[in-house]
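Colleague: Dumping the structure here so I can ask a few things about it.
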Amino acid sequence: MSHMINHDVPDDNEIQIEKKFVPKDLDIDKDVSWAQINKDVLRSLDRPRPVFWVIFFAALALFSFGVYCEKYQYENGLGVADLNNPQVWGLYIATFIFWIGMGHSGTLLSALLHIIHADWRKPIYRYAEAMTTFSLLTAALFVLIHLGRVWQFYYVVAYPNERWVWPNFSSPLVWDATAIGTYLTSSLLFLYTGMVPDLAICRDNATGARKKLYTFMSLGWQGTDRQWATFRVTYMTLACFLMPLAVSVHSIVSTDFAVSQNPGWHITSFPPYFVAGALYSGCAVIITLFILLRYVFRFEAYMTMPILNKLIKMTFAIAMVWNYLNIIEYSTVWYGANEIAKQQLLDKMTGTYAPVFWGMVFCSTVMPFTLLIKFVRTHLPTLMVVSLILNFGMWLERVQIITPTFGHSQYPWTWTSGWWPSWVQFGIVAGSFGWFTMLFMLYCKIFPTISMYEVKEMVHDQSKMLKAKGVA
Amino acid sequence: MKSHLLALYNNMEEAGLVLDELNATKLPGFSMKDVVIKSPIEHPELSEKLGKRPVYVQLFTLLGVLFGPITGLTLVASAQASFIYQVRGGRPVVPVPPDMVLTYEFFILSGVLMTVIGCFIGWKLPGNRSPLYNTRVSEDKIGILVKAEESTIPYLNEIFKKHHSLEILGEGVK
């Protein structure tokens, strides 16, 4: 083995270069002990701040209202949602895309940052991955809800059958279902595999029913060298699979629109535009949840300001990419030869849905620039409000993609001015936010939201690096 | 008859010194292959001292990425071909470009599933449990588990104590 190069030990030149760039702020305190990390994270499973229950029950109330609206729609049909030709999708599919997009960034960012060895991801990736899973589960609800009479889902499932209904594998909707199914399965496995060492920690410290649950889920993990080596290879391989998968999922969602002939949708740049939008909204939610979890579970020592700062910078960069693609989309239509698409764009900007369009511009194009202000980046309540505005803007973006196109399509009979979603639609959309928050908070109460073993690695690596530089 | 012995250490440096000594000392009825490290984090510097211990997950991944697309394309194409008598209006029965999208998804899904299966097999979980375990290993201690002939155990015990082990646990196994 002696002839092999040891990559862990930096050479002198490397150390000299690194010495010039010693980070001003370490991502987390290098002196925090491993035992303390266990203690702090495990405490979050027992005693969160009381505001945890306020959020949980508020989410439950919202979810209950959503269930009531869905029951009402189930009994009375889609008419109560004001959905009819040409407005057949309304807020349901817009919100479906919003949730898919939100789910996009958790796993994608976790996988990407893992591949490039960005250590600052370690205290925050677990909840981002959980967010992905619950977002996808929430998104899947809308596929059923938008049918109105949900039992009719049976008729749209593509499979060879005695009714001679052709399973149209050329339809992006089939690709969509396959891609989302693959993404949900892979994300769940990625989340679970990454959590096994932490579940063993929980097992070793729990009692009663919780101990049984953690014992079952940790599969008897003991942290042996063989387990760690296998784990590392597995986790990296999964990350490499999830990167292209995540990109493919939202690209495929965009083809639901882009391969159609509808004005406003038939645009080449839609796949990257959707991917960038998904990353953008996901990053904004990660910031929101960062601030929330940091306060609720007293994670100030792990979800630190330097990490938040990096997250904000990344969000800003992605916001700028999204802005660029937005401009490209509108310029393509404006300078293109498709008069109907141009008319549709003008209608979007000046017609019934102008508030939605300009609301999106304000929330998602203008607001990210406030992240350049130090006060906004460092004052958490303000940052929380900004991140919520960014999220709202991205939801408006999805609405302005779908509704104006249905309301100003190829044929004059579709030009329905003044259509607005009914309270039932708004109620179900609100219910979905309640459902997501409720699931997420339950998850945080049962499973560790900070990866304990990775934070320990982070502390260990930081100490090693500082020792090598002679800083410690 | 072989016995197990588990010693706990405060940090990796101490555990590393123990491994160095175990490597250097040629004890009868004991081999470095019978040493297992248990730790709260991954420890490449310690693993190196144990020698090469191959990981086979990649083979499962390879199987997955080979069989996934083949199976996926076959499933989709055969589903399409089962409708060969239906009027297709001149369109191909098995359209290649859209099927590639689905094949790609099957490629990823199968790769992921096989990787995870390979991981569980590599972990030997949930079936195989190592005989000695201490919960402090999942907190902040490094454990060195050895398996050796009973006659060698006292010598190993001495080495562990020499390097200031926090605790030594033993258990006889056949």
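Colleague: If contacts are Cα pairs under 8 angstrom and at least 6 residues apart, what is the relative contact order of chain B in percent?
Modeller: Normalised by residue count, the contact order of chain B is 55 percent.
Colleague: For A:K30, list the lysines whose Cα falls under 21 Å from its own Cα; do not include residues on the same chain fewer than 8 positions away.
Modeller: A:K19, A:K20, A:K39, A:K122, A:K310, A:K456, A:K464, A:K467, A:K469, B:K141
Colleague: Report, to the nearest 10°, how far helix B:153-162 tilts away from the longest principal axis of the Cα atoms in chain B, using its own Cα long axis and a range of 0 to 90°.
Modeller: So the helix axis and the longest Cα principal axis differ by about 80 degrees.
Colleague: Which whole-number percent is the relative contact order of the stretch B:57-123 (Cα, under 8 Å, 6+ apart)?
Modeller: 60 percent
Colleague: How do the peptides A:206-212, A:256-262, A:291-297 rank, highest first, by the average count of neighbouring beta carbon atoms within 10 Å per residue?
Modeller: Numbers: A:206-212: 11.6, A:256-262: 16.4, A:291-297: 21.3.
Top of the packing list down: A:291-297, A:256-262, A:206-212.
Colleague: Post the alpha-carbon centroid distance, the stretch A:287-325 to the stretch B:112-155, in whole angstrom.
Modeller: With the stretch A:287-325 and the stretch B:112-155 each reduced to a Cα centre, they are spaced 37 Å.
Colleague: So what is the orientation-averaged projected area of the stretch B:57-123, using the convex hull of its C-alpha atoms, in nm²?
Modeller: Mean shadow area of the hull around the Cα atoms is 4.6 nm².
Colleague: Rounded to the nearest 500, what is the 222 nm mean residue ellipticity of the protein assembly as shown from helices alone, with -39500 (n - 2.57) per DSSP H run of 4+ residues and division by all residues?
Modeller: -21500 deg cm²/dmol
Colleague: Enumerate the lysines that A:K212 could reach by cross-link, defined here as Cα to Cα under 17 Å, with residues fewer than 8 away along the same chain left out.
Modeller: Excluding near neighbours in sequence, the set is A:K445.
Colleague: From other protein chains only, count the Cβ atoms within 10 Å of every residue's Cβ in B:97-110, then give the mean.
Modeller: Neighbouring Cβ atoms belonging to other protein chains average 6 per residue here.
Colleague: For chain A, what relative contact order do you get, as a whole percent, if you take Cα pairs closer than 8 Å and at least 6 residues apart?
Modeller: About 32 percent, as a whole number.
Colleague: Sticking with this structure for a sec: Give the distance, in whole Å, between the Cα centre of the stretch A:138-153 and the Cα centre of the stretch A:387-455.
Modeller: Cα centres, the stretch A:138-153 to the stretch A:387-455: 15 Å.
Colleague: Quick check on the exposure proxy: order A:S44, A:S110, B:S151 from fewest to most C-beta atoms within 10 angstrom.
Modeller: B:S151, A:S44, A:S110
Colleague: On to the next question. Quick one: check the C-alpha center-to-center distance for the stretch A:83-114 versus the stretch B:6-74, whole angstrom.
Modeller: Going from one Cα centre to the other spans 41 Å.
Colleague: Let me ask you something else. Which of the lysines could be linked to B:K26 by a straight reach, that is with a Cα gap under 19 Å, when you skip same-chain ones fewer than 8 residues away?
Modeller: The qualifying lysines are B:K2, B:K49, B:K52, B:K147, B:K161, B:K162.
Colleague: For peptide B:111-117, compute the average count of partner chain beta-carbon atoms within 10 Å of each residue's beta-carbon.
Modeller: 6
Colleague: Ignore the peptide's own chain and count Cβ atoms of other chains within 10 Å of each Cβ in A:179-192; give me the average, rounded.
Modeller: Values: counts 6, 1, 2, 10, 4, 0, 5, 7, 1, 0, 5, 2, 0, 1.
For peptide A:179-192, the averaged partner shielding equals 3.
Colleague: Please compute one quarter of the surface area of the Cα convex hull for the protein assembly as shown and express it in square nanometres.
Modeller: 34.0 nm²
Taken together, the values in this text are just the output of simple stated rules run on the coordinates, not laboratory data. Note that the coordinates shown come from a computational prediction; the quantities given were computed from them, not determined experimentally. All Cβ positions, glycine included, derive from the backbone under ideal geometry; neighbour counts span all protein chains shown.
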